[in-house]
1. When every alpha-carbon pair in the chain is counted, what percent end up more than 35 Å apart?
2. By its C-alpha gyration tensor, with a ≥ b ≥ c as the square roots of the eigenvalues, how is region 1-46 shaped: rounded for a/c under 1.5, else prolate for a/b larger than b/c, else oblate?
3. Over the heavy atoms of MET100, what accessible area does a 1.4 Å probe trace out, to the nearest 10 Å²?
4. Students sometimes get this wrong: rank ASP203, ASP223 by accessible area, probe 1.4 Å, all chains present, largest first.
5. Using the heavy atoms of the protein chains alone and a 1.4 angstrom probe, what is the accessible area of region 161-208 per residue in square angstrom?
6. Give a quick list of GluC sites (Glu not before Pro) in region 12-60 that DSSP marks as loop, anything other than H, G, I, E or B, with at most 15 other Cβ atoms within 10 Å.
7. Got the relative contact order for the chain handy, in percent, Cα pairs under 8 Å and 6 or more residues apart?
8. For region 1-53, which whole-number percentage of the solvent-accessible area (1.4 Å probe, protein heavy atoms only) is attributable to carbon and sulfur atoms?
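The values are calculated or read from the model by the stated rules, or taken from the named source; none is laboratory data. Computed from a predicted structure; not experimentally measured. Positions of Cβ are generated from backbone atoms using ideal geometry, with glycine treated the same way; all protein chains shown enter the neighbour counts. The area values use the complete protein model at the heavy-atom level, side chains included, leaving out ligands, DNA and RNA. Shrake-Rupley method; radii C 1.70, N 1.55, O 1.52, S 1.80 Å.
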Amino acid sequence: MKEYWNDQWQEIFSANKLDSFDAIWNLDTEWFEEPNIRRGGWSGVIKVDLDTPEGKTTVFIKRQENHISKTLFHPVRGILTFEREFKNILRMQKRNLPIMELVFFAKRIVDGNQQAILITKSLSDYIPLESERFLSSGDLIKNDVHKEKLLAAVAGTLRLIHQNHFQHNCLYLKHIFVKPVGDTWDIKIIDLEKLKWRICKRDAVVRDLYTLYRHAHGWSAKDHVKLFQAYVQEQKLSTKSRKLWRTIENKILSKPR
């Protein structure tokens with residue numbers, strides 16, 4: 001069995017009698033996300049509160065069986081989707097990129113069935129950017145300047161990821177978590193199952209900004225422009241940036257509604 005523990009967490013799980021694959025696998029609690037039955041198997045998520053010397057802490061436990069994804073390096077047998085996400089988390093973690101904290105990963109084969117568990121710490125103090133609290137009618141945006149700082153923080157995080165040639169590949173607002181820190185914002189990116197490394201950084205930029213633009217429901221055209229200006233770090237767009245913006249817009253316009 002392949003197993004990874006974050007050393008800071010292993011003692012906590014042991015104290016909560018969850019220090020083995022079987023103990024975690026057999027946890028009987030309500031699903032946080034109902035099992036997704038596809039890819040020849042199933043996967044689901046539970047949310048668990050653990051006791052620590054400092055009080056309660058929360059983790060997300062993702063469990064799956066025979067939930068396989070075909071990739072370039074695994075074109076025939078495929079790879080467990082949580083194993084793929086685990087490897088992507090390690091790649092991002094190695095570069096100190098702003099993602100969720102990895103706690104545990106393990107996989108095994110039982111009676112010919114591939115099983116995997118992936119655990120991450122809950123981003124309890126963060127709010128997904130899809131929340132209506134970030135809209136003009138919400139309570140989190142103080143004024144236009146505060147909103148521009150939010151868009152700049154998101155843009156800066158995406159720029160950092162793309163500078164490392166990573167493409168999130170599924171960049172929806174629900175995958176961008178935000179925490180207000182005074183008048184500024186801290187950003188974390190989640191759901192890294194489909195993350196890709198791109199030789200050409202521009203491919204990652206176009207794909208992710210296009211996806212975000214297309215799925216950022218409730219955002220105004222001005223919001224998208226401000227985000228893009230912050231991303232390229234230009235108030236007045238250069239010829240190169242205008243060309244990139246047109247590429248993204250043309251991709252959106254060519255997509256059937």
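1. Values: 7092 of 32896 pairs.
Distances greater than 35 Å cover 22 percent of the Cα pairs.
2. Numbers: a/c = 2.52, a/b = 1.75, b/c = 1.44.
Prolate.
3. Taking all protein chains as shown, MET100 has close to 10 Å².
4. Details: ASP203 75, ASP223 15 Å².
Largest accessible area first, the residues go ASP203, ASP223.
5. 44 Å²
6. Numbers: sites: GLU30, GLU33, GLU54; in loops: GLU30, GLU54.
Those satisfying the criteria are GLU30, GLU54.
7. Working: 385 pairs, mean separation 38.7, N = 257.
Worked out over the chain, it gives 15 percent.
8. Values: 1540 of 3650 Å².
Carbon and sulfur atoms account for 42 percent of the accessible area of region 1-53.
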